[in-house]
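Quick note: the coordinates plus some simple rules give every number you see, no bench work behind them. Because the structure is predicted, anything quoted here is derived from the model rather than measured. Backbone-built Cβ (ideal geometry, glycine too); neighbour counts: all protein chains shown.
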Amino acid sequence: MALTILPLRHPMVTTGRLLRCMIAALVAASVAWSGALQAANHSVQGVPKEEGSFDGDAPTAILIEASSGSVLFEKNADELRAPSSMMKLMTAEVVFHAIKQGDIKLTDEYRISENAWRRGGAPSGTSTMFAAINSKVSVDDLLRGAIIPSGNDACIALAEGLAGNERIFASDFMTKRARELGMTQSTFGNSNGLPDPTNKMTVRELAMLARYVILTYPEFYKLFGEKEFTWNKIRQQNRNPLLNSLEGADGLKTGFTKEGGYGMVGSAVQNGTRLIVVVNGLEDPEDRASEAKKMLEWGYRNFEARTLFAADQPIGYAKVFGGDSRSIKLSSPDPIKVMVQKNGNEKLIARVVYKGPVRAPIEAGQKIGVVRVWRGANVAVESPVFAAESVGTGSTMRRAIDGVSELVIGMFRAGVEKL
């Protein structure tokens, strides 16, 4: 494994950037500038496969390691598609969050409305927990009904219980919560993934959501591994085929609609390493199961975790504005790890990304930005970096010099952008 740490660069890789650097150098050799790097994280398509790489058939797919978020494989990972019942993960997270916040309790009961019964219950002909119309069901049982047999009636009942109606739940609860979790592309039109043009998610954001659920709600995550659920004297098996076919598999959710095809969010733990896989757009349920299993097995067979930066190890520096120091050392209180191929010699590139210069005063431990580690064209891992020390406010002269420098650089940037 070869790691190259590159200095922070401005996002515009054009002749304008070169001109800007030349002008700045002519103005003052000591003036340096830094901007926020907005590196696009695009999936690799049409690239010749390397030895040991995964050859997948799913139209969209991603495989990540849970603890670090390190990406092992991705294909069209940012393409929006109908998530089908995999979207129930978002409904579950909203409920988990409400319970954790103390807004609701597992023992609270919600009524199964006629709407929930007709659109998601026995008359609907879709996946259901078979809750009786007008019956009252606890939040605990509704969660099991939504997760294990993928009950659409359970999801509608939860949505109506929390928000009054499903449309408000989708917009004001699910979408709002998704944005809070950093899921910028996902949109929701209902609570269960039944066909709706608003229901759109990427496999990357489904993986992000699954990872968050696993790490944040271990007590609730156990529900995804329960193999059967009985309600109204009807016993149903968990729809996740990995639970019975892959060592260590314990979640999460399958889905199917004509628009989205067959998809799955799956996870397993082997030898202390948890991987999360998401596939979508397949034409057959057996292909969905085999593709997810094959990808997980490939990940365990070919990758291992290695530490890139030890806890509190200097990772890079950020430029400071108006401080008694011109720069500040950056580090992470936790080790930063990445999954690398066991028998390969991958070249990794790390970049510190921040919006700068950072205005003083700065407290030790203050979040400054992130370090992004690339494996080829894809981001393998992203982790926050923090100020390793404090920086006080500089003298009046220091602040004045920094202010003039930034003003001059800003003028040149604006001028070049007009070219």
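In straight Cα distance, which lysines are under 26 Å from K329, not counting same-chain residues fewer than 8 positions off?
K319, K337, K347, K355, K367
Place +1 on the Cβ of every Lys and Arg and -1 on the Cβ of every Asp and Glu in region 194-273, take the dipole about the Cα centre, and give the residue among L252, A210, N232 whose Cα lies farthest towards its positive end.
It is N232.
If you take the square roots of the eigenvalues of the alpha-carbon gyration tensor of region 226-271 and sort them as a ≥ b ≥ c, do you get rounded (a/c under 1.5), prolate (a/b over b/c) or oblate? Could the numbers behind the result be given before it?
On the way: a/c = 3.05, a/b = 1.09, b/c = 2.81.
Here region 226-271 falls in the oblate category.
Sequence neighbours fewer than 8 away in the same chain don't count; with that in mind, list the lysines whose C-alpha is under 21 Å from K222.
Once the sequence-local lysines are set aside, what remains near K222 is K88, K100, K105, K253, K293.
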